[in-house]
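Heads up: the structure comes next, in structure tokens.
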Amino acid sequence: MEKITVNGKAFNVKTSLADVSLAEYNKYMSVFRKKYEYQFEQYCDLLLCISDMTVEDIEDLHIDKLKELAQTISIESFTEDDKSFYSRIEVEVNGTWYKSSSDGLTYNYTTKEMILLKDDISKKHIVDVEVLAAVVFKKLDADKNVIRDYSPKGVQVRAKELSSIPMSILAPYLLELGKYIKQETASNEPTA
Amino acid sequence: MNQQPKSWNDVSVAQYKEIYSIDRGDYNLMEKYQIQIFSILSDTEPEYFEDVSYPEFTKIQESFSFIQYKPTRPPSQKILTPAGELFLYDDFKKYTIGEWIDLEHFHKDSIEENLGIICTIFYRQLLPNPNPLLFTNKYEPYGDWIYLRESLFDSVPVGIVYGITTKFLEFRETLYADYSGLFDDVPEESDDDIDPNESIIEKAKRIQEEQKDKLSEKWGWDLLLYRLAKMENKSIQEVTGMPLIQALNMLSMKKEMKLPD
């Protein structure tokens, strides 16, 4: 988190994945898909996602500072710790526990999970991290057994339940998914 | 997996027909389509492939890579079916025109869908030979058993029979090249051929010929059989038993010498 002052007023700007929830990350990434006539407008929208500033406050920022703050959250900014599955296997939200089948070293998506995610990506043209979390983290029942519910409704409900967890928890899963999507994109590219 | 086919020799004709009945366009993702294909080929429930890890699935994809190519092995001379042995009859020049027309129809319609029927025409029983040292083997004549025998090929490996369709298509190309004058019946339309001074009677005759040519293209083999039957003074059914080359030679002669119908 970075604290900045504009016109005598103090604001918080989220600068790491641990500060940003899944819902905020989705909103932030969706800005990159929009078309803008002016770059300033895009930076403005990005900063609105990750800070408590208003448009008027942003307009008073120096353009270089605006650009620097707006682009702090990206795949390139993921740290070494963001790549580790260790301590990102279980998560608790409002008293309910969710667990992934990661062994702490990696996560092997099943074919069913990959199909589910690719289906979702093909519709939205973006990785919806709330859906990703719902696929990866399954609810535990009273006996601490994993409930594998891949139904559309089940995934939708879990996505909403997990939307408030920090993006830092999901980071390694997103990077792992990225390996398969990138491989497929590379193999679909035309050869000379 | 219940089975792991390594090549087309491990896939039956029935499985081959089944995988080609699945339309890729019905699946938005390649993985969904592949799961259906792999399920048929390995006789394993689709859920098995959904539950494996994705890295494992990519290895399975590699193991089934042979299905990207058609079977290329030469056809077996002899195959074993539930009803006994059948032998390859691939001397196409000795086929009758009726057999040829049926083969044309089933190949044009869909080789994959009709593979079993096509095999019934190519693989026949041998007739008893009183003395193999004196007489060549004779194959049973063509009959109306093609639909009856189709299921005999369900369990035959597709890799050992598919090659006969390739051989047939190669022969077909040569045949049509040799008899191109007979099959290229429709002349190209050209205003240069029209005499600007042609009379009304000549114009009527020209239009009549053009209409006949269009009908020839429409009725194809039926028209050829009709002409053959008229020449031989036989029924259409009877002329279908005429040897293919003899029939084509008769028709070519009629056309070249402009003999009337």
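The values are calculated or read from the model by the stated rules, or taken from the named source; none is laboratory data. Just so it is clear, the structure is predicted and the values come from calculations on it, not from any experiment. Virtual Cβ from ideal backbone geometry, glycine too; neighbours counted across all protein chains shown. The accessibility values were calculated without ligands, DNA or RNA, using every heavy atom of the protein model including side chains. Shrake-Rupley method; radii C 1.70, N 1.55, O 1.52, S 1.80 Å.
For segment A:2-16, a residue qualifies if it is of a type in the set (A, V, I, L, M) and either farther than 13 Å from A:Leu61 by Cα or open to solvent by less than 40 Å² (accessible area, probe 1.4 Å) (or both), and the qualifying residues are A:Ile4, A:Val6, A:Val13.
Looking at this structure, is B:Lys93 within 12 Å of chain A (Cβ to nearest Cβ), part of a helix (DSSP H, G or I), open to solvent by 90 Å² or more (accessible area, probe 1.4 Å) and not hydroxyl-bearing (Ser, Thr, Tyr)? So B:Lys93 fails the test.
Checked against (1) out of contact with any Gly (no Cβ under 9 Å at 6 or more places or on another chain); (2) more than 14 Å from chain B (Cβ to nearest Cβ); (3) closer than 25 Å to B:Leu29 by Cα, A:Asn94 passes all but condition (3). Against the conditions (1) modelled with pLDDT under 95; (2) among the aliphatic types (A, V, I, L, M); (3) buried (at least 17 other Cβ atoms within 10 Å of the Cβ), where does B:Val11 fall short? Just the number, please. So the condition that B:Val11 fails would be (1). When the residues of segment A:80-101 are filtered to those that are assigned to a loop (DSSP other than H, G, I, E, B) and either hydrophobic (A, V, I, L, M, F, W, C) or touching a residue at least 40 places away in the same chain (Cβ under 8 Å) (or both), the one that is surrounded by the fewest Cβ atoms within 10 Å (Cβ to Cβ) is A:Asn94. When the test is whether a residue is part of a loop (DSSP other than H, G, I, E, B), more than 15 Å from B:Pro157 (Cβ to Cβ), of a type in the set (S, T, N, Q) and away from chain A (no Cβ under 14 Å), B:Asn2 passes it. Of all residues in segment A:63-70, none are assigned to a loop (DSSP other than H, G, I, E, B), modelled with pLDDT of 85 or more and open to solvent by 80 Å² or more (accessible area, probe 1.4 Å).
The residue that is farthest from the other protein chains (Cβ to nearest Cβ), among those in segment A:102-144 that are more than 19 Å from the chain's Cα centre (by Cα) and touching a residue at least 40 places away in the same chain (Cβ under 8 Å), is A:Lys144. The residues of segment A:17-39 that are surrounded by 18 or more Cβ atoms within 10 Å (Cβ to Cβ) and farther than 15 Å from A:Leu174 by Cα, listed by number, are A:Asp19, A:Glu24, A:Tyr28, A:Val31. Entry remark, segment A:130-147: residues being open to solvent by 10 Å² or more (accessible area, probe 1.4 Å), at negative phi and not aliphatic (A, V, I, L, M) number 5 in total.
Scanning segment B:179-209 for residues that are under 28 Å from B:Ile245 (Cα atoms), at pLDDT 60 or above and surrounded by 12 or more Cβ atoms within 10 Å (Cβ to Cβ) yields B:Tyr179, B:Leu182, B:Phe183.
Annotation: of all residues in segment B:31-65 being more than 9 Å from every other protein chain (Cβ to nearest Cβ), part of a helix (DSSP H, G or I) and open to solvent by 40 Å² or more (accessible area, probe 1.4 Å), the one that is farthest from A:Asp149 (Cα to Cα) is B:Ser65.
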